[in-house]
Amino acid sequence: MVAEFDAALARPPRPWRISSRLLLHDQDDRVLLIRARDPHEPAVGEWWEIPGGGVEPGEDTIAAAIRETAEETGYLISRSEVVQPPSWTGDVTYRWERRRCWASLVVHFARVTQPLNRQPSEGAGLEQANHLDICWLPVAQVRAAHDRYFPGSLPVDLPRILAGEQVDGGFSAWN
């Protein structure tokens, strides 16, 4: 695994995938996260991640984060509720489906001030195989960092995001 990572660092693919995520925080001091796994690499185990995914051609990162969150969780957020500019940015490499992936992550933030209606999610196929649960987790639980998170710095960065800071997550190798 180390040799594969070292070789990949020497020649990372171009362009990197751009992934946009939407961190929702509610009035009960909870954040919306997805419990996930890679069905092709069970040894990686489970983790919690912020809803989101790839930015489509012609789409900006806010639109992608809203679309992906609706597809994966069923929660619909209006663009006007999303804080601008992004709350967290960083680059990450990780293994997914037995291959090394590279992504520039953009995390947008929205504070939910009233209960949200949840529509049936459109996630299908691979997402249904890797998404085990969708939960509103207490911020204190995330900060305690007893579980794994994607991005990995979420437990440390979450208080800064909630305080309105723009966090530069730098570069990380997640797995």
From the options Ile134, Ile77, residue that is buried (at least 16 other Cβ atoms within 10 Å of the Cβ) and closer than 17 Å to Thr61 by Cα: Ile77
Subset of segment 31-63 [out of contact with any helix residue (DSSP H, G or I) (no Cβ under 7 Å at 6 or more places or on another chain), part of a helix (DSSP H, G or I) and under 25 Å from Pro115 (Cβ atoms)]: Ala63
Residue tally, condition surrounded by 13 or more Cβ atoms within 10 Å (Cβ to Cβ) and either at pLDDT 90 or above or of a type outside the set (A, V, I, L, M, F, W, C) (or both), over segment 1-38: 19
Candidate set from segment 80-111 (those that are of a type in the set (Val, Ile, Thr) and modelled with pLDDT under 95); member that is surrounded by the most Cβ atoms within 10 Å (Cβ to Cβ): Val92
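Name the one entry in Ala103, Ala43 that is without any contact (Cβ under 8 Å) to a residue 24 or more places away in the chain and hydrophobic (A, V, I, L, M, F, W, C).
Ala43
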Condition check for Gly152: assigned to a loop (DSSP other than H, G, I, E, B), farther than 20 Å from Glu81 by Cβ, out of contact with any Pro (no Cβ under 6 Å at 6 or more places or on another chain) and among the small types (Gly, Ala, Ser): yes
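The values are calculated or read from the model by the stated rules, or taken from the named source; none is laboratory data. Everything quoted here is computed from the prediction, not taken from an experiment. Reconstructed Cβ throughout: ideal geometry from the backbone, glycine too, with neighbour counts over all protein chains shown.
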